[in-house]
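Data first, discussion second: the structure below is written as structure tokens.
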There are 2 protein chains.
Amino acid sequence: MDVTGKIGRGVRATILDVAARAGVSIKTVSRVFNAEPNVREETRDKVIAAAQEIDYHPNVAARGLAGKRSFLIGMVHGNPSPYYVADLNAGVLDRLRGEPYRLLVLPFESASTMSGKVLAMARSSGLDGLILSPPLGDDPTTIAELTAAGFPFVRIAPASATWLTPEVRMDDVAAAQDITEYLIGLGHRRIAIIRGDPSHPSGTARLIGYRKAMRRAGLDIDPMLVEEGLYTFDSGIMAARRLLASRTRPSAIFACNDDMAAGALFAANEMGLKVPDKLSLAGFDDTPIASIVWPRLTTISQPTVDMARAATAALLALLDDKKEGGRITMPYRLVVRGSTAPPG
Amino acid sequence: MDVTGKIGRGVRATILDVAARAGVSIKTVSRVFNAEPNVREETRDKVIAAAQEIDYHPNVAARGLAGKRSFLIGMVHGNPSPYYVADLNAGVLDRLRGEPYRLLVLPFESASTMSGKVLAMARSSGLDGLILSPPLGDDPTTIAELTAAGFPFVRIAPASATWLTPEVRMDDVAAAQDITEYLIGLGHRRIAIIRGDPSHPSGTARLIGYRKAMRRAGLDIDPMLVEEGLYTFDSGIMAARRLLASRTRPSAIFACNDDMAAGALFAANEMGLKVPDKLSLAGFDDTPIASIVWPRLTTISQPTVDMARAATAALLALLDDKKEGGRITMPYRLVVRGSTAPPG
DNA sequence: TTGTAGGCGTTATCAC
DNA sequence: GTGATAACGCCTACAA
């Protein structure tokens, strides 16, 4: 036994060491480290002091084995926009600060390779819970297997509601409608849309919002003005090139995320089309990219960080109290910047 | 006991279930799942079949407790550029594919808040090893405590060599010298530099390369042409505004990363300075941002993903074979794009 | 308010 | 090649 309390190189102190040093039982030490009640303040202090002296850190594996939880939550993301992912990460980690939970990032190539394997992955990684972001949060197979197994998970920005488990979202339809109506209000009539990856249902919601706005204004929706993208910068370039090559080209383009809008801006620059004089451009998400390009993008500010924070909070509640599923809708904001103007 | 092999909702199969079903001992099952030798092929198949039938996944916590490792590695990053971080993540995860190790992302505010806490964090998170990216990889306190504890770690892009542990880097000095010489070769004489955050030593290396190139060309280094940034887009704007407000403004700016170069481009746009006609701009890293702005940035292609992959490979080797430290230098590439031209 | 006993699911040690 | 059995460090009961 180590009477001095000095622990040799590589040898970690255990709860027994702390107990011995503090002159209490291991259960008392355990109580202190789990913030359980019924410990005299004086005892608590003794334990904490002893722990510090020998640099004790609870063994996560032992804790997980005995307590049947790993304090590990996973985030699966297949979003191609690094800024979006960075925001998600930031929100989750922010909420996790001070909590015993840690965040595991799960590799992810495409939604299809992942479908049907999420539960196995979660199990083999020993996760306590899962945060699903688009498009996986809308994958029926994934939802079904997680639900069937009773595995705790929350969804960020799901397109369809299940109400089975917490969902944090924003109103994509209304936001897309707003930004389209803003373009219409500027005087635009030929307004194109670059939709997102069809496998991301949020893209569909945004398309619906666009259609609503157009219809309400009595404007035709020319199929030539609906292009498909993949939420990537490059796909935005491609889509915009097709749109702008047409003889009856649009005077405004609404891209379903900032990356594609930046791509459209790039395409316009290539063709010498000045934005916003000859072409108005709107994005969606308000990621940093919207402020990096010139001119800055008019866009919808999606509270990604807040959404991630809220989703994490909901998951923690789920893990602790086994609370029911619910739906949280976060507010968005139309941000008007230099990329939009009346048609020239 | 569950004779049918069907496992109820939420109840996970254990190694005992597999052993019973396969008619072997748990040790044999363990051997199979750890790819140990001395198991007859026939036995192995039986075990694997039994495991699949009851959807067995080894319990990570138990494995960690008994085997004294968590199969968890951590990456600590304090780099403000999301694209850089995304590339690091991608490289690590790519190398980890197929390995039993998982990646933990560690929250990180600033290098100073982290210093002296990395080991404690690694311990309390139960990590097996650590990947340190700038600027933490150069923090003496961190290096010292990890080394003293014999904790396995590798460093990505460290400024100073320790040789104690694997280091994956590129030659920042030579790269910065190359890109500066390229600008000089175009005919520029007044070349400014926007250095990075002083707490990131890579910025110093790049400054040295710039100085070398200038001296070799017999050019004075006007202190007015050396600005300080923080590796962020906004800091690039600020620094460029200061540089461009001067009456004797530079004809070219070399920013120590792409984010700041993009900021400089933004500032030039603000002032109506056409790039590259009136101002040449060079970045560093070749993150996606370099290709998103217009015109695209001339930059140094830093093989971030490859570096992360190599660092991960080195860490895995360290964890398995206890190999020695070593130094890997990856090649860089000067990428010439539209943001640079002869002075107008 | 505190302590004791038992078990969590695996790996390691040694025997067969 | 294979198998019993003892750790591993903690948490959950239950007692005191």
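Values in this text are rule-based calculations from the coordinates and carry no lab data. Model, not experiment: these values are computed from the prediction. Quick reminder, even Gly has a Cβ in these numbers, built from the backbone with ideal geometry, and neighbours come from all protein chains shown.
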Original post:
Which of rounded, prolate, oblate describes the range B:32-132, given a ≥ b ≥ c as roots of the alpha-carbon gyration tensor eigenvalues and a/c under 1.5 marking rounded, otherwise prolate only if a/b is larger than b/c?
Top reply: prolate
Original post:
For the cross-link pairs A:Lys212/A:Lys278; B:Lys27/B:Lys323; B:Lys212/B:Lys274; A:Lys323/B:Lys46; B:Lys46/B:Lys323, which exceed 31 Å when the distance is taken from alpha carbon to alpha carbon?
Top reply: A:Lys323/B:Lys46; B:Lys46/B:Lys323
**OP:** Name the most mobile residue of A:Leu164, A:Leu65, A:Leu207, meaning the one with the largest mean-square fluctuation, in a Gaussian network model of chain A with Cα contacts below 10 Å.
**Re:** A:Leu65
Original post:
Relative to the first principal axis of the alpha-carbon coordinates of chain A, what is the inclination of helix A:304-321, with its axis defined by its Cα atoms, in degrees from 0 to 90 and to the nearest 10?
Top reply: 40 degrees
Original post:
With a ≥ b ≥ c the root eigenvalues of the C-alpha gyration tensor of the range B:194-247, is it rounded (a/c under 1.5), prolate (a/b larger than b/c) or oblate?
Top reply: oblate
Original post:
Relative to the other copies, what are the label-point distances for B:Gly67, with labels 7 Å from Cα along the C-beta vector, expressed in nm at one decimal and sorted shortest first?
Top reply: 2.3
Subject >> Residue among B:Ala19, B:Ala239, B:Ala66 with the largest mean-square fluctuation in a Gaussian network model of chain B, springs linking Cα atoms under 10 Å >> reply: B:Ala19
Original post:
What is the protein assembly as shown by shape, rounded, prolate or oblate, if you read a ≥ b ≥ c off the alpha carbon gyration tensor as root eigenvalues and call it rounded for a/c under 1.5, prolate for a/b larger than b/c, and oblate otherwise?
Top reply: oblate
**OP:** Report the label-to-label distance for A:Ala35 and A:Arg12 in nanometres (one decimal), using points 7 Å from each Cα along the Cα→Cβ vector.
**Re:** 2.1 nm
Original post:
Which residue, A:Gly129, A:Gly67, A:Gly116, has the most motion in a Gaussian network model of chain A that connects Cα atoms within less than 10 Å?
Top reply: A:Gly67
Original post:
In nm, what does the list of distances from A:Arg216 to its counterparts in the other copies look like, shortest first, when each label sits 7 Å along Cα to Cβ?
Top reply: 6.3
Original post:
Quick one: of the DSSP bridges fully inside chain A, what percent are antiparallel, nearest 5?
Top reply: 10 percent
**OP:** Calculate, for A:Asp94 and B:Ala49, the FRET efficiency according to 1/(1 + (r/R0)^6) with r their C-beta to C-beta distance and R0 45 Å; round to the nearest 0.05.
**Re:** 0.50
**OP:** Could you rank the peptides A:184-192, B:136-144, B:97-105 by their average count of other C-beta atoms within 10 Å per residue, with the highest value first?
**Re:** B:136-144, A:184-192, B:97-105
Original post:
Given 10 Å bins starting at zero, what is the percent of C-alpha pairs of chain A in each, up to the one with the largest pair distance?
Top reply: 5, 23, 24, 18, 13, 8, 6, 2, 0
Original post:
Going by how many other Cβ atoms sit within 10 Å of their own, how do A:Ser125, A:Ser202 line up, fewest first?
Top reply: A:Ser125, A:Ser202
Subject >> Relative contact order of chain B, pairs being alpha-carbon contacts under 8 Å that are 6 or more residues apart, as % >> reply: 16 percent
Subject >> Inter-copy label distances at B:Arg189 (7 Å, Cα→Cβ; nm, one decimal) >> reply: 5.7
**OP:** Just grab the label-to-label distance for A:Val226 and B:Asp171, each label 7 Å out from Cα along the Cβ direction, in nm (one decimal).
**Re:** 5.6 nm
Original post:
Suppose every K and R has +1 on its Cβ and every D and E has -1 on its Cβ; what is the size of the dipole of the range B:252-331 about the Cα centre, in Debye to the nearest 20?
Top reply: 120 debye
Original post:
So if we plug the beta-carbon distance of B:Ala62 and B:Ala148 into 1/(1 + (r/R0)^6) with R0 = 41 Å, what FRET efficiency do we get, rounded to 0.05?
Top reply: 0.85
